[in-house]
Every structure is written in C-alpha cells, then in structure tokens.
Amino acid sequence: MQPKTKGIAVAATGVTAGLVGLLVMAMPAGAGQEPELPEMSATELVEATLSADAPAFEGTVAMSNDLGLPPIPGLDMANAESARIYHDGDDRARLSLQRGSTEFTAVAGPDGAWTYDSGSNTATRYPHEGGLPRHESELSDPAGTATTIIDHLSETSTITIDGTARVADRDAYELVLTPKPSERTLLREVTVAIDAATKLPLRFEVMPNGSPDPVVSAGFTEFVVGEQPDELFEFTPPDDAEVTTADPDKASRPLPEHADPAKAFDDASAGLAVTGSGWDTVLTGTLPEDALGAASERLSDQGGTGDPAALLDQLGERFTDGEISGHLFTTRAGTGIVTDDGRFAVGAVPRQVLIEALEQQ
C-alpha cells in the first residue's frame, strides 16, 4: 500500500467513466463512542499514514453514495451491496463484491491477476507486467485509496486532527483536510479516520460545499488483522467460463504524475493531461472514437437507448461557452464536460475551471 501521487479526479478516463467511477468507491463505515488516544500532531499522523505498510487482514465493506447522478439503465453501480477484502500483508489481495445475486471477484498477486464476473460467467487474466486495471486494483486497496488522497492533497490543504472515533470496532484518529483559500473546488473537506494501531485509513468521507452530508465515503465496517489462508489468493476460473487475457499495454496505464500539461501531452502511454494541482486538479483528454458507441451498445443490451447522443443528453445538458460547446455533467462531487469535437475534462471543480483547462489544449 505504498502511496502514489494522483489527482482527485484520476478515477476518470472520460466523463461518464470518471463521474460514475466515483460510485465504486462509496463505502461507509460505522462509528461509536470517541476513544481516548495518545496525542499526535496532524503532521505526525500524516507522516505515519504515508509510511504505513498494510498488515495481513480481512475486512467487510458496505457501500453507499449520494452523487446525484441521474438513473442510467444497466449502469446501476449502487446495487453493489457488500464486499469482502483480504490482504496477505505483502503483495496479494482479494476482493469479492456482491451485486444483487451476482458476485465480482478480483484476485491479485506477484504473478498476475484475475477478475471474474459470475453474472456473465466471464474471467479475465491480467499478466504480471500489466496488472489489474486501475479502478479494480484500487477496489482491492481501499486504505490505499485514502492514503493517495492524503498524499495528493496535503500540500494544498489545511490539515487538522478533529478528535477520535470508533470505526469498524477499532480506535481511530479523525484527520481533516480542508482546501486552502486559493483552491477552486466544489468540495469543502475530506475527513479520514486513521487506525490508531496500524496507521491505515479505515474510512474517508468527501464533503461537498453547502451540505452537511458526505457526497461519497469509503471505509470498513469490519477490519480484522491476522494471517490469511494462501488459497484465498489463488484463482481458477470455472470450467465453463469464458476466459480472456488482457493486453498488458492497456490493462494498467499509469496516469501522468505531474501537473505540467505540456509534459502530460508528451506522455503517450497515458494520452491524458493534468492541469492544476491538489483540489482543483483537472484531467483532460480525447475520447476514443468508439467510446460513446461502445458504452451505448452495452447500455442498450441492458435496457438503455443504444444511441450515443441520447446517452449524452440523458447524463448531461447542452452548453456553449465561447468556442467550446458540448455536454456538461454535474454531480455533487464535481463536474465533467464532453465537447462536440470529442474532448473531455473532469474534476472536483466548477465549470469555468474545466473550460480554462480545455482552452489550454
């Protein structure tokens, strides 16, 4: 669980993927009476969290969100009811995600990774050099997701400790990151509950401006430290499953680790650009030619319209701002734009910040 420097919007590879992608991280955790813990400064707690190594553990995650997205036929990410997560304390992890009567499983280790969807009876093998796609590897590492947020936002935030909490029946410190006045963001703060014993994040909540309720939260309802059986990290697909092998060049493309748009455009492996930093980071790029068509086709198979234009109209609203026109997508956590010429921008920022980022292209 070593931290990686990534933006608040890096879950996105396009507007639809970016905004809906936040849903898969929505995992609330329980709370109880505030425990008494040794005093620590915010700086000490951040340093301990960023340097912490995950022990072997198993945990249960429950899921919810309040993004404010419109209903999309066939794309109800909120039906993920529960998840079990296992970690061997080294480099192996397993996630089992319940979606109604079906289950999604991801198993990752040093020799590669597998994913399996029981609903479609399909399995995908990811070679060692590629690894899991980013959103699936982050699902198997929820504490790492919170650590990444702390790492990325710490320099542009005012950081405080706001007491203690009981999370997943464990003592925790409550770390609060508030954007500095210079940051242009739709978010008010991020709170992270840090396990007092392991210094791993147990829960994080993203709070929007103008609301007392979190827009997304992520955390454990159960977290038990202890050795895990080796067989949990082994996977053999069912005999009748459809099995494919992912292209290692596409399975896990890193996002730019810098905020220099010129350098980002030169990063051909990512094809994405990052402008800004911290809370007002914006991710921009060009949608693949078949992206909307493929998404519409998948939704059509599950009750959607099958029309790319109708998909954009359903998710967003038409706009024109100077020389830029397209569709604007708004959630309580951020905004996104898909332009008529196939570009996109997404971030936890107001519309004008996205426009400025697109103008830099």
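We did not get these values from a lab; they are worked out from the coordinates using the rules stated. Every value quoted in this text rests on a predicted model; they were computed, and no experiment measured them. Please note: Cβ atoms are built from the backbone with ideal geometry, for glycine as well, and neighbour counts cover all protein chains shown.
So the values come out like this:
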read-out	value
Separation of the SER182 and GLU36 label points, Cα + 7 Å toward Cβ, nm	4.2
Cut-off 14 Å between beta-carbons: net charge of the residues surrounding ARG318, Lys and Arg +1, Asp and Glu -1	-3
GLN98-GLU323 FRET efficiency (beta carbon distance; Förster radius 45 Å; 0.05 resolution)	0.45
Computed FRET value (nearest 0.05) for GLU231 with GLN314, which takes r as the C-beta separation and R₀ as 41 Å	0.40
GLU39, GLU183 arranged by Cβ crowding within 10 Å, fewest neighbours leading	GLU39, GLU183
√(5λ) per eigenvalue of the Cα gyration tensor, the range 322-361, largest first, Å	16, 11, 8
Neighbour-count order for PHE220, PHE57, fewest beta carbons within 10 angstrom listed first	PHE57, PHE220
Fewest-first ranking of MET40, MET207, using other Cβ atoms within 10 Å as the exposure measure	MET40, MET207
GLU242 versus SER82: modelled label distance in nm, points set 7 Å from Cα along the beta carbon direction	3.0
